[in-house]
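The values are calculated or read from the model by the stated rules, or taken from the named source; none is laboratory data. The shown structure was predicted, so the numbers you read here are calculated from the model rather than taken from an experiment. Cβ sites come from the backbone with ideal geometry, for glycine too, and all protein chains shown count toward neighbours.
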Amino acid sequence: MSLQAFLARRVITPEGIRPAAILVEDERIQTIVSPDQVPDGYAINDFGDAAILPGLVDSHVHINDPGRSEWEGFETATRAAAAGGYTMLVDMPLNCLPATTTVAALQAKRQAAHGKCRVDWAAWGGVVHNNQDDIEPLAAAGVPGFKCFLVNPGIDGFTMVTEQQLRSALPHVARTGLPLLVHAELPGPIDRATEALANADWTRYSTFLQSRPDEAELAAIRLLLSLCREFGFRLHIVHLSTSEALPELRAARSEGLAVSVETCPHYLHLSAETIPNGATLNKCAPPIRSRENNDKLWQALRDGTIDLVVTDHSPCPPAMKRLAEGNFQTAWGGIASLSVALPLMWTEASQRGFTLLDLAQWMSAAPARLAGCDARKGRLVAGNDADFVVFEPDREFTVSENKLHYRHPVSPYLGETLRGVVKGTYLRGNPVFTEGAFPGQPAGREYTGPVHRSPP
Ligand SMILES: [Zn+2]
């Protein structure tokens with residue numbers, strides 16, 4: 001039996017921020033006490049002035065393994081996660097081959113992950129045009145929920161669903177009690193806008209932005225809310241970018257619909273006005289919109305309309321970013337940010353009067369609840385896994401390639417100075433990242449604890 005005590009002046013518990021000692025027996029938190037109440041026999045780890053937050057949970061990452069591990073992979077994604085303070089990742093069902101749309105594909109993913117992960121993980125199942133009969137078997141095999149696209153995801157191996165196809169999948173999804181995560185853009189407004197831009201200059205960010213209008217997101221969200229009402233499934237909107245959908249999302253929540261919403265650090269930190277032409281590292285879908293829009297996303301985090309913040313970490317080989325031509329039409333869309341998401345968010349949030357308690361809610365407790373792993377993850381409370389991040393909120397650092405740790409260290413954030421440094425990350429009581437190093441062998445494993453199936 002191993003007994004450890006982790007002390008700091010700012011421990012982020014669900015009740016508040018206070019000086020405390022987290023007492024850990026083997027892999028679990030026993031209890032949290034005052035720093036002067038540590039019993040004899042505990043090995044002391046005192047982090048002084050630093051903060052200890054619950055290990056972050058990222059319910060939206062693309063690990064691309066198996067099948068496209070030259071893009072990322074379990075080894076590099078979970079290393080980057082550990083360096084960023086994450087202790088649990090939930091992998092999206094696309095970009096890997098096979099896509100996670102059948103139980104056999106889920107088993108292939110389990111084999112690909114075996115022995116490679118530095119943090120814990122789980123895998124969402126995919127809902128595509130023709131796999132309605134795989135939905136309940138995937139739930140029985142252990143996925144915490146499902147993901148689908150209402151627009152072409154632009155990658156082989158994963159299809160979008162039309163409204164009709166979604167309608168045949170929804171009774172199956174509703175029966176599982178698990179959430180359906182939806183990429184909410186409809187193709188109609190995007191196709192019309194793109195046709196009108198046939199002769200436009202695609203090295204300009206404004207061209208790309210016009211090609212993915214707010215209307216595409218808004219129309220998709222309206223459709224989803226009405227389907228949610230009709231079929232009674234748990235709806236989760238991934239990477240909300242348009243603030244125009246916020247009034248309807250607020251109304252849906254007051255109506256009591258089981259809907260939750262996420263956004264990402266890039267929508268909160270970057271804005272269209274400052275993205276240089278040709279800077280395709282900033283391409284993602286839906287797109288980064290105006291500063292005014294993004295301020296409204298912050299307001300929605302404040303009033304609880306947006307529940308959580310996840311990275312949508314979606315790397316690719318650098319050549320696919322078309323950096324030389326700077327063409328937003330042909331460049332791969334996706335922004336990788338696992339190692340810097342916490343400082344990105346703290347840089348913005350601290351200026352807006354938010355606290356580390358808010359970050360712990362958005363980046364740990366709420367995504368853990370979405371992914372159904374909140375019986376063990378997401379909060380510093382007795383009985384949970386001893387997963388946490390030691391964070392120095394008052395230090396600054398400049399983003400450089402050697403701090404990114406994922407397979408291809410490309411990033412729109414290189415050279416930026418950010419507030420807050422991840423000093424160490426602990427997974428089930430053991431260090432997985434300390435002062436720039438990754439001690440020990442990969443000990444992350446698939447989350448197999450209890451999964452909750454209640455509304456969000
Ligand atoms: Zn994604």
Considering the range 48-66, residues that are more than 15 Å from Gln361 (Cα to Cα) and in a loop (DSSP other than H, G, I, E, B), and then whichever is nearest to the ligand (Cβ to nearest atom), we arrive at His62
Residues in the range 308-322 that are without any contact (Cβ under 8 Å) to a residue 60 or more places away in the chain and either not in a strand (DSSP E or B) or not aliphatic (A, V, I, L, M) (or both) total 3
Practice problem: State whether the residues of the range 272-289 include one that is surrounded by 16 or more Cβ atoms within 10 Å (Cβ to Cβ), under 26 Å from Arg175 (Cα atoms) and in contact with a strand residue (DSSP E or B) (Cβ under 8 Å, 6 or more places away or on another chain). | Solution: no
With criteria (1) touching a Phe, Trp or Tyr at 6+ places or on another chain (Cβ under 6 Å); (2) under 24 Å from Asp91 (Cα atoms), Ala285 comes up short on (1)
Only one of Asp303, Asp295, Asp312 is charged (D, E, K, R) and within 15 Å of the ligand (Cβ to nearest atom), namely Asp312
| Would a scan of the range 69-79 turn up a residue that is touching a residue at least 24 places away in the same chain (Cβ under 8 Å), in a helix (DSSP H, G or I), of a type in the set (A, V, I, L, M) and within 16 Å of the ligand (Cβ to nearest atom)? | yes
Of the candidates Asp49, Asp58, Asp36, Asp40, the one satisfying the condition of being under 26 Å from Arg395 (Cβ atoms), surrounded by fewer than 22 Cβ atoms within 10 Å (Cβ to Cβ) and at pLDDT 95 or above is Asp49
Within the range 206-226, restricting to residues that are surrounded by fewer than 18 Cβ atoms within 10 Å (Cβ to Cβ) and closer than 19 Å to Gln165 by Cβ, the one that is nearest to the ligand (Cβ to nearest atom) is Leu223
With criteria (1) buried (at least 24 other Cβ atoms within 10 Å of the Cβ); (2) touching a Ser or Thr at 6+ places or on another chain (Cβ under 7 Å), Met92 comes up short on (2)
Here the qualifying pairs (Cβ atoms under 8 Å; residues six or more apart or on different chains; first in the range 217-246 and among the hydroxyl-bearing types (Ser, Thr, Tyr); second part of a helix (DSSP H, G or I) and within 16 Å of the ligand (Cβ to nearest atom)) come out as Ser241/Glu217; Ser241/Tyr267; Thr242/Glu217
Considering the range 156-205, residues that are of a type in the set (A, V, I, L, M) and part of a loop (DSSP other than H, G, I, E, B), and then whichever is nearest to the ligand (Cβ to nearest atom), we arrive at Ala184
Counting only strands (runs of 3 or more DSSP E) entirely within the range 338-456, those with at least 3 residues that are surrounded by 19 or more Cβ atoms within 10 Å (Cβ to Cβ) are 388-398, 417-427
Going through the range 81-95 in order, the residues found to be within 16 Å of the ligand (Cβ to nearest atom), among the hydrophobic types (A, V, I, L, M, F, W, C) and either under 13 Å from Val422 (Cβ atoms) or more than 12 Å from the chain's Cα centre (by Cα) (or both) are Ala81, Leu94
Has the range 156-171 got any residue that is out of contact with any Leu (no Cβ under 6 Å at 6 or more places or on another chain), basic (Lys, Arg) and within 29 Å of Arg322 (Cα to Cα)?
no
